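**Q** Quick one: the structure is below, questions incoming.
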Amino acid sequence: MSSKLQNFVKFGRTIICVGRNYRAHASELGNPIPSEPFVFLKPVSSYITQGQDIKLPLGASEIHHEVELGVVIGSRCSSVTESNIPDHIGGYFLALDMTDRNRQKSAQTKGLPWTVAKGFDTACPVSDFVPKDRIPDPQNVDLWLKVNGNLRQSGNTKLMIFPVKKLISWISERITLEEGDVILTGTPEGVGPVRSGDIIECGLGDITKMKYSIK
Ligand SMILES: O=C(O)/C=C/C(=O)CC(=O)C(=O)O
Ligand SMILES: [Mg+2]
């Protein structure tokens, strides 16, 4: 296993995020169910690792947690068929797609991009790298998230509209993926606001978990 993959944060390649990939989450925000994947990007400067705090961005009024399964790409993918995707997966991680919801809604209303709403500093807290043999089936992983000990999100990756293989294949037909690029695969229902002083704990079943404070 390449040490670049284990150190995917320092390697610092493209962060691609998938939106509205769980029906119940699309519905809770009043959005239509997508007929094909849609993606957006976060800058690598938004990564943080455990020990660092999530900082509420300037002028933010409603910052939401979104717990997600992250995939680390292990080797170059360009127009790769779904059956060949498993060979290109380098490993996994747990991620938070922290979102400035009001800024996102405001951008949506004006037809503007979500870059600042999704890419502010500290908007991408992640866990340690999870070797791929720890997740033999990425479509059967529990995702959970608590705020101050209260369960807010509880889902399973089997509820994804577009499974991991489809997502990577679809992306690779449009954007070449390289070793160390990562994909956040979307969040299940239960997203909600956090405030200064809150503690977020979340996990991929009992495979890995992480804890972050909101500053
Ligand atoms: O469309 C919206 O209002 C919001 C969508 C998201 O924030 C998409 C995600 O990041 C997700 O589904 O995980
Ligand atoms: Mg998300």
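Read-outs: derived from the displayed coordinates by stated rules, not from any lab. Keep in mind that this is a model prediction, so the values were computed, not measured. Please note: Cβ atoms are built from the backbone with ideal geometry, for glycine as well, and neighbour counts cover all protein chains shown.
**Q** Quick check on the stretch 86-108: of everything there that is in contact (Cβ under 8 Å) with a residue 12 or more places away in the chain and hydrophobic (A, V, I, L, M, F, W, C), which residue is nearest to ASP121 (Cα to Cα)?
**A** Only one residue fits best here, namely MET98.
**Q** List, please: which pairs have Cβ atoms under 9 Å, are six or more places apart or on different chains, and start with a residue in the stretch 1-12 that is closer than 11 Å to SER127 by Cα and end with one that is part of a helix (DSSP H, G or I) and not small (Gly, Ala, Ser)?
**A** Correct list of pairs: VAL9/VAL44.
**Q** While we're here: Being within 16 Å of ligand 1 (Cβ to nearest atom) and touching a Ser or Thr at 6+ places or on another chain (Cβ under 8 Å) is the requirement here; does GLU66 meet it?
**A** So GLU66 fits the description; yes.
To keep it simple, each residue is scored yes or no on (1) in a strand (DSSP E or B); (2) loosely packed, with under 14 Cβ neighbours inside 10 Å.
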| residue | (1), (2) |
| --- | --- |
| MET1 | no, yes |
| ILE16 | yes, no |
| PHE40 | yes, no |
| PRO57 | no, no |
| VAL72 | yes, no |
| ASP87 | no, yes |
| LEU112 | no, yes |
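**Q** Now for a different question. Going by the structure shown, is GLY180 farther than 25 Å from PRO43 by Cβ and more than 15 Å from ligand 1 (Cβ to nearest atom)?
**A** No, not satisfied.
**Q** So SER27 fits all but one of (1) assigned to a strand (DSSP E or B); (2) hydroxyl-bearing (Ser, Thr, Tyr); (3) within 12 Å of ligand 1 (Cβ to nearest atom); what number is the exception?
**A** (1)
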